[in-house]
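Novice: The following block contains the structure, expressed as structure tokens.
Each value in this text was obtained by applying a stated rule to the coordinates, not by laboratory testing. Keep in mind the model is a prediction, meaning the values are calculated, not measured. A quick note on method: Cβ atoms are made from the backbone with ideal geometry, for glycine too, and the neighbour counts reach across all protein chains shown.
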Amino acid sequence: MRYDLDDLRLFLDIVTEGSITAGARRMHLSLPSASARVRSLEHHAGVALLIRGRRGVRPTPAGTTLARHAREVLAQTARLESAVAGYTRSPSAPLILLGGGSAMHRLVPRALVSFLRAQPDIDVTVTESRTPQTVRTLADGEADLGVVLDDEARDCGLTMEPLGDDSLVVIGQAGGILADRAALTYREVAEHPLVGLDADSSLRRWIEKHLGPHAPAVRYRTSVADLNVLVRLVSAGVGLAVVPRRAIDPSRPLDVRELQDPWARRHHLLAWAVKDGPPSPPVLALAEHLRQAVLSLPTPARGIPPYGRDDTLNDPNELP
């Protein structure tokens, strides 16, 4: 037989209250209407569900069984409704966060973990975007926050605040060719085989843009799409690489040296969208999680090789 969910709710209220009158009141029904629903329920069940007395009602053994299963059915229904409701939010509900490749490597993931745990009802759409595109999107009000580079976001008219250092360094295998160097220029780095990111990556394009037409010839042993892979290749001795300082796990055994070129000094800024009215509380909360993520990210000391234990690399000459 088919059970009506409202009938099951009414029956549970009656059993809980010990009274048809009180159960009807909880369901905002009249007493005659509630009594008729109970009689219909008993008719379809084919068995008495309540023992009626002067001082109220109590469930029969069949009624006790029905009440137990009714609680399970209603609880499962509530969970189902909650799960489906997550897909009925308006498309504008998720926050939109944009950032370049270096920000997406460690900063944004760390901020997302803490924010999404703290805000289980708020979704975030994250998109990798170079600074010029991020600035345009924020100016059009089509995103909420962006992590941009100071060199490319000057005088763009957006509200911005300092977020953290994103300077570039050169890295090499621990104890390798960088061991006796304190700092290098990019031309000196280019004299050695390199490991780089893919040609269309934001970091690779940024470097090539600042080198200009007189860029030194570079031999790339290989190009990869992921900074984690690039750092592992370098630590295994495949070649040198130029990376953001914050992309380096201080526990990984690498030589980290300063890059002396002026364009290697750069900073992340937190940029805000151009929208009517002040930022919403969720946007303010996400911004705060980004600030805290910057503070919690360890970075290698300047010019000092961060020798340490690396569980992902048992043999420094073997790529995991």
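Novice: The chain: longest stretch without exposed trypsin sites (Lys or Arg not before Pro) (DSSP loop, at most 15 other Cβ within 10 Å), sites themselves excluded?
Specialist: Answer from the scan: 90-153.
Novice: Quick one: angle between helix 281-296 and the longest Cα principal axis of the chain, in degrees between 0 and 90, rounded to 10, please.
Specialist: For helix 281-296, the angle is close to 40 degrees.
Novice: Rounded to the nearest 5, what is the percent of antiparallel bridges among the DSSP beta bridges in the chain?
Specialist: Looking only at bridges with both residues in the chain, the antiparallel portion is about 60 percent.
Novice: Only Cα pairs under 8 Å and at least 6 apart count here; give the relative contact order of the chain as a rounded whole percent.
Specialist: 20
Novice: A further question follows. Report, in whole Å, the centroid distance computed from the Cα atoms of segment 4-77 and segment 251-277.
Specialist: So the separation of the two Cα centres works out to 65 Å.
Novice: Note the full-extension length gain between ALA139 and ARG9 as 0.36 nm times their separation in residues minus their Cα-Cα distance, in nm to one decimal.
Specialist: Roughly 41.6 nm would be gained on extension.
Novice: Which one, LEU158, LEU49, LEU98, has the greatest fluctuation when you compute a Gaussian network model over the chain with C-alpha springs under 10 angstrom?
Specialist: Result: LEU49 has the largest fluctuation of those listed.
Novice: How much net charge surrounds ARG246 when only other residues with a Cβ under 12 Å from its Cβ are counted (Lys, Arg +1; Asp, Glu -1)?
Specialist: Around ARG246, the charge tally is +1.
Novice: Label SER296 and THR159 with points 7 Å out from Cα along Cα→Cβ: what is the distance between them in nm?
Specialist: 2.5
Novice: Taking a label point 7 Å from the Cα of HIS210 along the Cα→Cβ vector, which residues of segment 138-157 have an amide N closer than 15 Å to it?
Specialist: Under 15 Å, as judged by backbone N against the label point of HIS210, lie 148-154 of segment 138-157.
Novice: Under unit Cβ charges (Lys, Arg +1; Asp, Glu -1), what dipole magnitude, rounded to 20 debye, does segment 168-264 have relative to its Cα centre?
Specialist: 80
Novice: Which whole-number percent gives the relative contact order of segment 168-264, counting Cα pairs below 8 Å spaced six or more residues apart?
Specialist: Averaging sequence separation for qualifying contacts and normalising by length gives 53 percent for segment 168-264.
Novice: Follow-up question, since we're still on this one. As an exercise, use a Förster radius of 35 Å and the Cβ-Cβ distance of ALA75 and SER280 to find the FRET efficiency, rounded to the nearest 0.05. If you can, show how the numbers build up before the last one.
Specialist: Details: r = 33 Å, r/R0 = 0.95.
The value I calculate is 0.60.
Novice: Helix-only mean residue ellipticity at 222 nm, the chain, DSSP H runs n ≥ 4 weighted -39,500 (n - 2.57), per residue, nearest 500. What is it?
Specialist: Working: 11 runs with 123 residues, N = 320.
My calculation for the chain gives -11500 deg cm²/dmol from helical runs alone.
Novice: Quick one: net charge around MET160, please, counting Lys, Arg +1 and Asp, Glu -1 for every other residue with C-beta under 10 Å from its C-beta.
Specialist: Value of the local net charge: -1.
Novice: What number in nm² do you get for the chain if you take the convex hull of its Cα atoms and divide its surface by four?
Specialist: Here the figure is 25.4 nm², rounded to one decimal.
Novice: Where in the chain lies the longest segment free of chymotrypsin sites (Phe, Trp or Tyr not before Pro) that are both loop residues by DSSP (not H, G, I, E, B) and have at most 16 other Cβ atoms within 10 Å?
Specialist: Details: sites that count: TYR3, TYR87, TYR307.
That gives 88-306 as the longest site-free run.
Novice: Let me ask another. Mind pulling the angle between the C-alpha long axis of helix 202-211 and the longest principal axis of the chain? Nearest 10 degrees, somewhere in 0 to 90.
Specialist: Here the helix axis deviates by roughly 20 degrees.
Novice: For SER114 paired with ALA36, estimate the spin-label separation in nm (one decimal), with each label point 7 Å from Cα along the Cα-to-Cβ line.
Specialist: Spacing of the two 7 Å Cα→Cβ label points: 6.0 nm.
Novice: Still on this structure: Give, rounded to the nearest 20 debye, the magnitude of the charge dipole that the chain has about its Cα centre when Lys and Arg contribute +1 at Cβ and Asp and Glu contribute -1 at Cβ. Kindly include the intermediate steps, with their values, before the conclusion.
Specialist: On the way: 38 positive and 38 negative charges, 318 e Å.
About 1520 debye.
Novice: Just ASP200, ASP276, ASP121 to compare: in a GNM of the chain, with alpha carbon springs under 10 Å, which one fluctuates most?
Specialist: It is ASP276.
Novice: Could I ask something else about it? What is segment 5-85's relative contact order, in percent, from Cα pairs under 8 angstrom and six or more apart in sequence?
Specialist: On the way: 75 pairs, mean separation 22.4, N = 81.
Normalised by residue count, the contact order of segment 5-85 is 28 percent.
Novice: Per q in 0.13, 0.15, 0.16, 0.18 Å⁻¹, report the Debye log10 I(q)/I(0) for segment 5-139, using one uniform scatterer on each alpha carbon and no solvent.
Specialist: Each listed q corresponds, in turn, to -0.67, -0.77, -0.84, -0.98.
Novice: Cut-off 18 Å, label point 7 angstrom out along Cα-to-Cβ of GLU128: give me the residues of segment 183-214 whose amide nitrogen falls inside.
Specialist: 195-209
Novice: Which shape class applies to segment 106-225: rounded if a/c is under 1.5, otherwise prolate when a/b exceeds b/c and oblate if not, where a ≥ b ≥ c are the square roots of the Cα gyration tensor eigenvalues?
Specialist: prolate
Novice: Based on DSSP, what percent of beta bridges with both residues in segment 34-159 are antiparallel, to the nearest 5?
Specialist: Restricted to segment 34-159, the bridges split so that about 35 percent are antiparallel.
Novice: Gain in length, HIS28 to GLN260, computed as 0.36 nm per residue apart minus the alpha-carbon separation, to one decimal in nm?
Specialist: Details: separation 232, 0.36 × 232 = 83.52 nm, distance 7.66 nm.
So the chain would gain 75.9 nm between HIS28 and GLN260.
Novice: Also: Could you tell me which of VAL170, LEU269, HIS192 has its Cα farthest along the dipole of the chain towards the positive end, charges placed at Cβ (Lys, Arg +1; Asp, Glu -1), taken about the Cα centre?
Specialist: It is LEU269, whose Cα lies furthest towards the positive end.
Novice: If you don't mind, there's one more thing I want to ask. Quick one: plug the Kirkwood hydrodynamic radius of segment 5-85 (C-alpha pairs) into Stokes-Einstein at 20 °C, 1.002 mPa s, and report D in µm²/s.
Specialist: 165
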